[in-house]
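Right, one structure below, let's go through it.
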Amino acid sequence: MAAWNFGSLILMLFKLEKMRNWIFILIVFVTACIEPYPVVAPEGESMLSVEGHITNGPGPHTIKITRTAAYGSVFVDFIRPVTQATVAIRENESGLVIFLNERIQGVYETPSFFSATIGRTYSLKITTREGVEYTSFPSLAQAVPQLDSLSYRTIIIPTENRLQPRSGLQLTAIFKDPSETQNFYYWRIKNAVSAVQTFPERYRPPGSLPNSPYQPKPCCSFCDIPDSKLIKALFLAEDSNFNGLNTGQIAGFIEDNGFRLSYKYRFDFEQMAISEDTYRFLRLINQQMTLTGSVFDPPPANIRGNMVCLTNPEETVLGHFFAAGVSETKINLSVEDLDLFQIQRPFNDDCRVLTQPVAPRPVDP
């Protein structure tokens, strides 16, 4: 009887295990057959985007006009220049209107003789070839204190890899802030050029052994390479903490990638006086440019500027046009004057293969 009871128990347990497997399969089958929930996303909207400003410095000044890409399939749309538009800048006090010429597709340029006048307001007018009209709110060209000097020092920025920190030159603008009004500043590097030295006499074809003989190239050892990938953040300030004082403000950063500063580096540096509205707009732009991808970052969003559509007031227009006073200086740096941290990488080839376009130099500059 005990043997029979034990055998019956084993059989019953086997049946229960088999039944449990079938129940599990049935649950998976039922839950897998879920009817998909239809999600209807709104279609992306392509918007006009305006980028540019004018100063009291020498022209020409440029305005870039594009249409943004609509989100969705990569084949739906793409960022494209707005061509053949009528673009003009109006000085509101005098009624003077300056028309801009389209230098390249979507990039419009003022005449070289034109510059803003301090104390006057300016508006940007755009009429597309389809007849749609846009305008900016008036922007006042404000006086800017003279930039006394620009200092620089090497700084090291820690990274996740402690053995490979970032480093570069931190720029400091030194000037006397006016005490009469609240002031807002925007500092900008433009026309940056890296003068590089390479060694075509040490050239070896790809795949050569380390002890293979050199196969020198006849040209070129020196090139000027426009540095268009320098700006990764905007440098702004308002004078609540230094109103009326002689001050030095962090105004730029040039990252040393082991090649950019390897020989000589030159650029134009601008100190601009901007309005509070422009300061707020650029600060929001800077916040989005410097997002790190962490959960604490604010969600990206379209930032409304001061451009509106006259033809359709409900249309969303991106971008911000402003006028500003500017104090400018030219900087020429040489590697001998810099205390660099990164190991500078020699390039054993014709300097023209680095990037295009470049300006080869036959002799040491």
Legend entry - Every residue from region 216-258 that is within 18 Å of R166 (Cβ to Cβ), of a type outside the set (K, R) and in contact with a Ser or Thr (Cβ under 8 Å, 6 or more places away or on another chain): D227, A233, I250, E255, D256
Inset, instruction - Specify the residue that is nearest to I331 (Cα to Cα); the eligible residues are those in region 155-179 that are over 20 Å from the mean Cα position of the chain (by Cα), modelled with pLDDT of 80 or more and among the hydrophobic types (A, V, I, L, M, F, W, C). - result: A173
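Can you work out which of the residues in region 84-123 that are of a type in the set (K, R) and over 26 Å from the mean Cα position of the chain (by Cα) is farthest from M272 (Cα to Cα)? First the steps, then the outcome.
Keep residues of region 84-123 that are of a type in the set (K, R), which gives 90, 103, 120.
Add one more test, that the residue is over 26 Å from the mean Cα position of the chain (by Cα), and what stays is 90, 120.
Working: R90: 21, R120: 16 Å.
Top of the filtered list is R90.
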Inset, instruction - Report those strands (runs of 3 or more DSSP E) wholly inside region 74-139 carrying at least 2 residues which are under 17 Å from S49 (Cβ atoms) and touching a strand residue (DSSP E or B) at 6+ places or on another chain (Cβ under 6 Å). - result: 107-109, 121-127, 133-136
Legend entry - Single unsatisfied condition, I157 versus (1) surrounded by fewer than 18 Cβ atoms within 10 Å (Cβ to Cβ); (2) closer than 22 Å to F322 by Cα: (2)
Legend entry - Residue within region 194-202 that is surrounded by fewer than 18 Cβ atoms within 10 Å (Cβ to Cβ) and of a type in the set (G, A, S) present: no
Legend entry - Pairs, first within 20 Å of T278 (Cβ to Cβ) and touching a residue at least 12 places away in the same chain (Cβ under 8 Å) in region 222-249, second among the aliphatic types (A, V, I, L, M) and surrounded by 15 or more Cβ atoms within 10 Å (Cβ to Cβ), C-beta under 6 Å, six or more apart: L234/L282; F235/A251; L236/L282; Q249/A173; Q249/A237
Inset, instruction - Give the residues of region 166-189 that are under 19 Å from T278 (Cα atoms) and in a strand (DSSP E or B), sorted by residue number. - result: F184, Y185, Y186, W187, R188, I189
Inset, instruction - Just give me the residues in region 91-107 being aliphatic (A, V, I, L, M) and either loosely packed, with under 12 Cβ neighbours inside 10 Å or under 18 Å from I79 (Cα atoms) (or both), in sequence order. - result: V97, I104, V107
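The values are calculated or read from the model by the stated rules, or taken from the named source; none is laboratory data. All values reported here derive from a predicted model rather than from experimental measurement. With ideal geometry, Cβ positions are generated from the backbone for all residues, glycine too; neighbour counts draw on all protein chains shown.
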